[in-house]
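Notes follow the structure.
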Amino acid sequence: NTTYVDLGEGGYYLGDLRYATCATTDGLGAWTSHVIETGVNAGAYPSLAEVNGKPAVSYLDEANDDLRYARNANADGSGAWTITTPDATNSTRYYTSLMIVDGKPAIAYQYGTGSDLRYARNDSADGSGTWTVASVHTPGVSGSWVSLAVVDGKPAISFHYASVYDLMWARNATADGSGAWTVSTVDNAANSGRVGQFSKTAIVAGKPVAVY
């Protein structure tokens, strides 16, 4: 972060999104840092994944209130970065979670204007194609601290439902996430206080788990 941009009601720092690679497989060697995007407040809420054999990052461009997707030309991330905008609708892009779903990149994130949980999927293996955006959960203030995983061959998302302070779980009916989403409550704030912040989901012993 460098210069602060004051918008009157809040603002942001101009900043860079960076990517650091290590020279050794154990991570104890020299690290080299590369700039992915500069000159805006790039890089908040980033998520890193290997997409079609090359590194890719989803993140927030706060200066434009957009969800960004960047992919490198080389397997080690030393090449040029290609940047696209999967969602530029109003204020969007918080809490991104990027991974491969049905062989193609997909991103779960919060739509800032409506505080909705959204899911964007690309129609190409490297993310160079068209992004299709769908709403997963829209009531109240939803979609914070999202975590995307493939569960039993289909995309699933854990997230915090801030309006009621619950930990929620959403799973799609199809392998690529183009079907209907079923949303359920994992942990209820009425029973245990405010829950669900900072959630991460994964597959353990063949079944989905969440930490939060």
Which ones in region 85-115 are at pLDDT below 95, part of a loop (DSSP other than H, G, I, E, B) and open to solvent by 40 Å² or more (accessible area, probe 1.4 Å)? ALA88, THR89, ASN90, THR113
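Looking at THR21, THR82, THR25, which one is open to solvent by 50 Å² or more (accessible area, probe 1.4 Å) and either in a strand (DSSP E or B) or closer than 19 Å to VAL101 by Cα (or both)?
Working: THR21 fails: open to solvent by 50 Å² or more (accessible area, probe 1.4 Å); THR25 fails: either in a strand (DSSP E or B) or closer than 19 Å to VAL101 by Cα (or both).
Exactly one of THR21, THR82, THR25 is open to solvent by 50 Å² or more (accessible area, probe 1.4 Å) and either in a strand (DSSP E or B) or closer than 19 Å to VAL101 by Cα (or both), namely THR82.
Output yes when any residue across region 61-70 is more than 22 Å from VAL40 (Cβ to Cβ), within 17 Å of the chain's Cα centre (by Cα) and at pLDDT 95 or above, and no when none is. Step through it out loud before you land on a result.
Going residue by residue through region 61-70, those that are more than 22 Å from VAL40 (Cβ to Cβ) are none.
No: zero hits.
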Wholly within region 153-212, which strands (runs of 3 or more DSSP E) include no fewer than the required count, namely at least 2 residues that are surrounded by 13 or more Cβ atoms within 10 Å (Cβ to Cβ) and among the β-branched types (Val, Ile, Thr)? 181-187, 200-204
Reported set for region 66-79 where residues are buried (at least 17 other Cβ atoms within 10 Å of the Cβ), out of contact with any Asp or Glu (no Cβ under 6 Å at 6 or more places or on another chain) and not aromatic (Phe, Trp, Tyr) is ASP66, ALA70, ARG71, ASN72, GLY77
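The values are calculated or read from the model by the stated rules, or taken from the named source; none is laboratory data. Since we're looking at a predicted model, the values are computed, not measured. Note that each Cβ is placed from the backbone with ideal geometry, even for glycine, and that neighbours are counted across all protein chains shown. Ligands, DNA and RNA are excluded from the accessible area calculation, which covers all protein heavy atoms including side chains. Shrake-Rupley method; radii C 1.70, N 1.55, O 1.52, S 1.80 Å.
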